[in-house]
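Asks: I have a structure I would like to understand better, so I am pasting it below and will then ask my questions one at a time.
The values are calculated or read from the model by the stated rules, or taken from the named source; none is laboratory data. What you see is a predicted model; the values in this text were computed from it and never measured. Methodologically, a virtual Cβ is constructed for each residue, glycine included, from the backbone with ideal geometry; neighbour enumeration extends over all protein chains shown. Side chains included, ligands, DNA and RNA excluded: accessible areas come from the protein's heavy atoms. Shrake-Rupley method; radii C 1.70, N 1.55, O 1.52, S 1.80 Å.
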Protein chains: 2
Amino acid sequence: MEAVARPLYLQVREALTARIADGEWKAGEALPSEFALAAQMGVSQGTVRKALDAMAADNLLERRQGRGTFVPEQTEARSLFHFFRMQDAAGAPVVPTTLRHAIERIQAPADVARTLDTGRRQVWRIQRLRAVGGRPAIIEHIYLDPQRFPGLGPDTALPNALYGYYQSAAGVTVARAEDSLSAVAAAPDQAAQLGIAPGAPLLRAHRVARDLRGTAVELRQSWFETSFQHYQVALN
Amino acid sequence: MEAVARPLYLQVREALTARIADGEWKAGEALPSEFALAAQMGVSQGTVRKALDAMAADNLLERRQGRGTFVPEQTEARSLFHFFRMQDAAGAPVVPTTLRHAIERIQAPADVARTLDTGRRQVWRIQRLRAVGGRPAIIEHIYLDPQRFPGLGPDTALPNALYGYYQSAAGVTVARAEDSLSAVAAAPDQAAQLGIAPGAPLLRAHRVARDLRGTAVELRQSWFETSFQHYQVALN
DNA sequence: GAGTGGTCTAGACCACTGT
DNA sequence: CAGTGGTCTAGACCACTCG
C-alpha cells in the first residue's frame, strides 16, 4: 500500500522543517535563496515560495524583503508576543519579571510523565513567582525532561523568557503551544505568595508546548492573579 | 498626496469583502469562478486566486474543489468551532444548551455604548443561562444595537447559536471576535443560578465581536463554571 | 464531459537591502 | 550594483463534482 502522493510544496515544507529541526540552519541564520533551494530540491522556485510562505505564516520562518529568509530567534519580545497573552486594562501587553525561582528534580506526576513521555525517569520542575508592575501576580510550575535539557541544574541562572533559553542552551525550539484555561480558588500557600486572600479566584493555565516536530517539550501550569491583567484571545 | 498603491491582490480582497458585506452574495451562495472574477476586475486569475486563498485562510470564504467558492453560513457547528472554545476534560468540544433567557431594552452601560457606538440610545440586553450536559454552567449577558437588529424584541425566539440568527435575521455576519479572560468570584445571584457556592471561582470572558467591516456588533460577557470544562487556546 | 478549484511551472518586473 | 523576496501574469495539467 502506497500513501497518496502529497503536494510537492508540502513535501518541500516538511523537508525544510526537518532540516531546521536538525540544526542545519541555526536561529538567526538565513536559508539559501528561493532559487538555490529550488535547484537543490529539483522543484520550481514558485513551489519553494509556496512552502516558505506557508511556514512564515505559521511563524516557523521570517521573510525580509531584500535580505533573505531567516530562522526566527526566540527573543524575549518574540516569546512575549507569540506565547504570552496577558494585557493590562488598557490593552497594553504586560511584561512580567521574575521575583524568585527554584529548580528541583522530582518524581514526575502521572500526567507529566505521560505528556513528556519520560517513563519512570525523574523530571525537572521549575517553580517561579513572577511580578507585573512590581506586584506578585503569576505562579508557574514548569516541567522538563532532563534528557532534553542536560545542561539544566538546581543552580542554573534562568533568563526572564525561558523559550529563548531552551533554544540557545538545549537547541529546543518551541514552535507552538496549547493552553487550557480554568478558574480556581487560590490555595493558602499561593495566596500567601501573591499577597491575596485564600480562596480568591485565579486564572489557571495548563500548557503543553511542542517543538518543530510536534513533540511535547514542556508542560507548564500557571496561576494568574487577574484583577489588573487579562488573558487576551483573538478568534476568527 | 496619493496613498501608496497597495498590492493588487489586497485591493481585490477588499473589493470582494465589501461586495460580500453589501449582500451581493448571501450566506451559502457561490461567488463567480476565478476566471470570471478576473475578467470582471481586469486582473489575472492568479491574482484573484491569491485574494481568495487569503480570505479562505481567514474564514471569510470556503473553497470546495470542483464546486466553487462559497460565502460561509454560520451554522451551529461552524459557530461552535470558530467562536466557542470550551472543551471537556477529555478534550472533546462542549455543546451548550439554553435553559432560559430574557431580552430587555436597557440604558447602555458606558462601556457598551462606547464599544457599540450607540450614543444615548437604549440597547438590547439578552441574558441567558446555559447548560453543559444538563448542568447549569454558563451565564451570558449579550448587548446589541437595536438599529442593527430591528427584528429583535422581548419575545423573540432565539436559537442555540446566536451568530446564525444574526446572519439570517439581521444580515449581520460575525467575522471575528476578541475575548478577554479573567477569573472572578461568583456573585450570590450567579451562584444561585449555577448551583454553586457564592464566591466560587468563575472564568469570565469579555467579548467584542465584529462584522466583515470590522465594526463592533456584539458585546458579550460570559461566566463559565470550569470544574468540568476548559477554555482551549492554540498558540503558535 | 464541462466546469470548478488545486498544483506546478516559467518568466517578467518591482521594492528593498547591503556593499 | 547585485542579490533578495514581493507581485503579477500566463499557461498546463490534475482532482473533484455534478449533470
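Asks: Roughly how tilted is helix A:8-21, in degrees to the nearest 10 and between 0 and 90, from the longest Cα axis of chain A?
Replies: 50 degrees
Asks: Between B:Thr47, B:Thr97, B:Thr156, which gets the highest mean-square fluctuation from a Gaussian network model of chain B, Cα cutoff 10 Å?
Replies: B:Thr156
Asks: For A:Lys26, list the aspartates and glutamates whose Cα falls under 20 Å from its own Cα; do not include residues on the same chain fewer than 8 positions away.
Replies: Cross-link targets: A:Glu14, A:Glu34, A:Asp53, A:Asp58, A:Glu62, A:Glu73, A:Glu76, A:Asp211.
Asks: Once the label point is placed 7 Å from Cα along Cβ, list for A:Gly195 the distances to the corresponding points in the other copies, in nm, shortest first.
Replies: Here the equivalent label points are 4.1 nm apart from this one.
Asks: To the nearest 20 debye, what charge dipole does chain A have about its Cα centre, counting +1 at the Cβ of each Lys and Arg and -1 at the Cβ of each Asp and Glu?
Replies: Details: 27 positive and 24 negative charges, 3 e Å.
Roughly 20 debye, rounded to the nearest 20.
Asks: Roughly how many Å² of B:Arg176 are accessible to a 1.4 Å probe, to the nearest 10?
Replies: Here the residue's solvent-accessible area equals roughly 110 Å².
Asks: Oh, and also: Heavy-atom accessible area of A:Tyr9 with all protein chains present, probe 1.4 Å, nearest 10 Å²?
Replies: 70 Å²
Asks: Would you work out what percent of the accessible area of the protein assembly as shown, with all protein chains in place, is carbon or sulfur (probe 1.4 Å)? The partial results should precede the final answer.
Replies: Values: 11770 of 22740 Å².
Here carbon and sulfur together make up 52 percent of the probe-accessible area.
Asks: Hey, could you grab the Kirkwood Rh for the range A:76-231? Inverse mean 1/r over distinct alpha carbon pairs, Å, one decimal. Display every interim value, and only then the final one.
Replies: Working: mean 1/r = 0.0620 Å⁻¹.
The answer is 16.1 Å.
Asks: For B:Arg176, which sequence-distant residues (separation of 5 or more, or a different chain) have an amide H within less than 5 Å of its own amide H, given hydrogens modelled in the peptide plane?
Replies: Hits under the 5 Å cutoff: B:Arg210.
Asks: Per DSSP helix of 4 or more residues, -39500 (n - 2.57); summed, then divided by the residues of the protein assembly as shown. What does that give at 222 nm, rounded to the nearest 500? Show your work: numbers first, answer last.
Replies: Values: 14 runs with 132 residues, N = 472.
Result for the protein assembly as shown, helices only: -8000 deg cm²/dmol.
Asks: Which whole-number percentage describes the relative contact order of chain A, with Cα contacts under 8 Å and a sequence gap of 6 or more?
Replies: Details: 391 pairs, mean separation 39.6, N = 236.
For chain A, the relative contact order is 17 percent.
Asks: I would also like to ask the following. What angle, in degrees between 0 and 90 and rounded to the nearest 10, separates the Cα long axis of helix A:45-57 from the longest principal axis of the Cα atoms of chain A?
Replies: 0 degrees
Asks: Enter the Cα centre distance for the pair the range B:104-148 and the range B:178-236, rounded to the nearest angstrom.
Replies: If you average the Cα positions of each part, the centres end up 13 Å apart.
Asks: Just check the protein assembly as shown against the gyration tensor rule for me: Cα atoms, a ≥ b ≥ c as the square roots of the eigenvalues, rounded for a/c under 1.5, and otherwise prolate or oblate depending on whether a/b exceeds b/c. Intermediate results must be reported in sequence, preceding the final value.
Replies: Details: a/c = 1.89, a/b = 1.02, b/c = 1.86.
Verdict is oblate for the protein assembly as shown.
Asks: Please list log₁₀ I(q)/I(0) at q = 0.11, 0.28, 0.29 Å⁻¹ for the range B:8-70, using the Debye equation with identical point scatterers on the alpha-carbon positions.
Replies: Taking Cα atoms of the range B:8-70 as identical point scatterers yields -0.20, -1.48, -1.57.
Asks: Taking A:Lys50 as the anchor, which lysines have their alpha carbon closer than 21 Å to its alpha carbon, excluding any fewer than eight residues away along the same chain?
Replies: Straight-line reach from A:Lys50, under 21 Å: B:Lys50.
Asks: Please work out how much accessible surface B:Trp223 shows to a 1.4 Å probe, ignoring ligands, DNA and RNA, in Å² rounded to 10.
Replies: Looks like 30 Å² after rounding.
Asks: Taking only protein heavy atoms into account and a 1.4 Å probe, give the accessible area per residue of chain B in Å².
Replies: Values: 11360 Å² over 236 residues.
Per residue, chain B has an accessible area of 48 Å².
Asks: Please go through the range A:1-90 and write out the GluC sites (Glu not before Pro) that DSSP classes as loop and that have at most 10 other C-beta atoms within 10 Å. Let's see the in-between values first.
Replies: Numbers: sites: A:Glu2, A:Glu14, A:Glu24, A:Glu29, A:Glu34, A:Glu62, A:Glu73, A:Glu76; in loops: A:Glu2, A:Glu24, A:Glu29, A:Glu73.
Those satisfying the criteria are A:Glu2.
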